[in-house]
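This report concerns only the one structure given below.
The values are calculated or read from the model by the stated rules, or taken from the named source; none is laboratory data. Quantities reported herein were computed from a predicted structural model and do not represent experimental measurements. Here the Cβ positions follow ideal geometry from the backbone for every residue, glycine too, while neighbour counts run over all protein chains shown. The accessibility values were calculated without ligands, DNA or RNA, using every heavy atom of the protein model including side chains. Shrake-Rupley method; radii C 1.70, N 1.55, O 1.52, S 1.80 Å.
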Amino acid sequence: MRDSPPDTDFLLDRAAANDAAARDALLARHRPRLRRMVALRLDPRVAARVDPSDVVQDVLAEADRRLDAYLQRRPLPFYPWLRQFAADQLAELHRRHVRAARRSVGREVPGGLPDQSADELAGRLVAKGPGPSEAARWSERRDRVRAILLAMSAADREVLTLRYLEELTAAEVGAVLGVTAMAAQKRALRALERLRAALGQEEGGP
């Protein structure tokens, strides 16, 4: 008897052996991560019409249709493979709404980081101290970090989003970006160094 829930590799092996329950469990276990990714990436002007849960349901249905082919080759880790369907779906939603010229969507850019997600990423990257005065300083620094993030290159902002907001492992970040885990880790560290340097210049210190 297993003392903990089966991991993804175990479920993949069982699904490849035609275990229907493992197949269902494999898709279900990643639903929360997918929903968070969609909610983070979906512009609120589009979210007014599209529920992230509906997007995730469509993504899982598409993944289920393609799972047998994936199980034969396993070209990349499972979650990045699954996540790509969500990224494609978000891009399609962008094209559909923008081409329809719906006024409330305006100048939304696919693959960007909505304002509320930029706020959350900035909050993740700033240490929070105790007490009201520390909370006020934290809020001020978060706002400065947010401004720096939005001024950074899209590549730097994306790797930080993947690593610290979506909380992907280095291997998963590498699979999403098409690089090795080591290269993904180095990119994230370099992006953090650039952010720290910009914050230090702004605050007049190292």
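You will find that of ASP7, ASP51, ASP43, the residue that is at pLDDT below 95, open to solvent by less than 50 Å² (accessible area, probe 1.4 Å) and among the acidic types (Asp, Glu) is ASP43 and no other. Go through (1) at pLDDT 90 or above; (2) over 30 Å from PHE10 (Cα atoms); (3) surrounded by fewer than 16 Cβ atoms within 10 Å (Cβ to Cβ) and name the single condition ARG66 misses. Of everything listed in (1) at pLDDT 90 or above; (2) over 30 Å from PHE10 (Cα atoms); (3) surrounded by fewer than 16 Cβ atoms within 10 Å (Cβ to Cβ), ARG66 misses just condition (2). Within region 145-156, the set of residues being surrounded by fewer than 19 Cβ atoms within 10 Å (Cβ to Cβ) and under 13 Å from GLU120 (Cα atoms) comprises ALA147, LEU150. Looking across ARG14, ARG23, ARG33, one residue alone is part of a helix (DSSP H, G or I), within 27 Å of ARG73 (Cβ to Cβ), open to solvent by 80 Å² or more (accessible area, probe 1.4 Å) and not acidic (Asp, Glu). It is ARG14.
Within region 125-144, if we keep just the residues that are surrounded by 13 or more Cβ atoms within 10 Å (Cβ to Cβ) and hydrophobic (A, V, I, L, M, F, W, C), the residue that is nearest to the chain's Cα centre (by Cα) turns out to be LEU125.
Exactly one residue out of LEU76, LEU60 is under 19 Å from the mean Cα position of the chain (by Cα), assigned to a helix (DSSP H, G or I) and closer than 23 Å to LEU165 by Cα, and it is LEU60. Cβ-Cβ distances below 8 Å connect the following pairs, each with a first residue in region 34-62 that is on the phi < 0 side of the Ramachandran plot and without any contact (Cβ under 8 Å) to a residue 60 or more places away in the chain, a second residue that is basic (Lys, Arg) and part of a helix (DSSP H, G or I), and a separation of six or more residues or different chains: LEU34/ARG83; PRO52/ARG35; SER53/ARG35; VAL56/ARG31; VAL56/ARG35; LEU60/ARG31. Taking each residue of region 174-200 that is under 15 Å from ALA154 (Cβ atoms) and looking for partners that are in a helix (DSSP H, G or I) and among the basic types (Lys, Arg) with beta-carbon atoms closer than 8 Å, six or more apart or interchain, yields VAL176/ARG83; LEU177/ARG187; ALA188/ARG163; ALA191/ARG157. Among the residues of region 118-174, those that are part of a loop (DSSP other than H, G, I, E, B) and more than 30 Å from ARG31 (Cβ to Cβ) comprise ALA127, GLY129, PRO130, GLY131, MET152, SER153. Suppose we filter region 163-188 for residues that are surrounded by 17 or more Cβ atoms within 10 Å (Cβ to Cβ) and either touching a Cys at 6+ places or on another chain (Cβ under 8 Å) or charged (D, E, K, R) (or both); how many remain? The total comes to 4. Taking the listed residues LEU26, LEU34, LEU11, LEU40, the one that is touching a Ser or Thr at 6+ places or on another chain (Cβ under 6 Å) and either of a type outside the set (Val, Ile, Thr) or under 14 Å from LEU82 (Cβ atoms) (or both) is LEU40, with no other qualifying.
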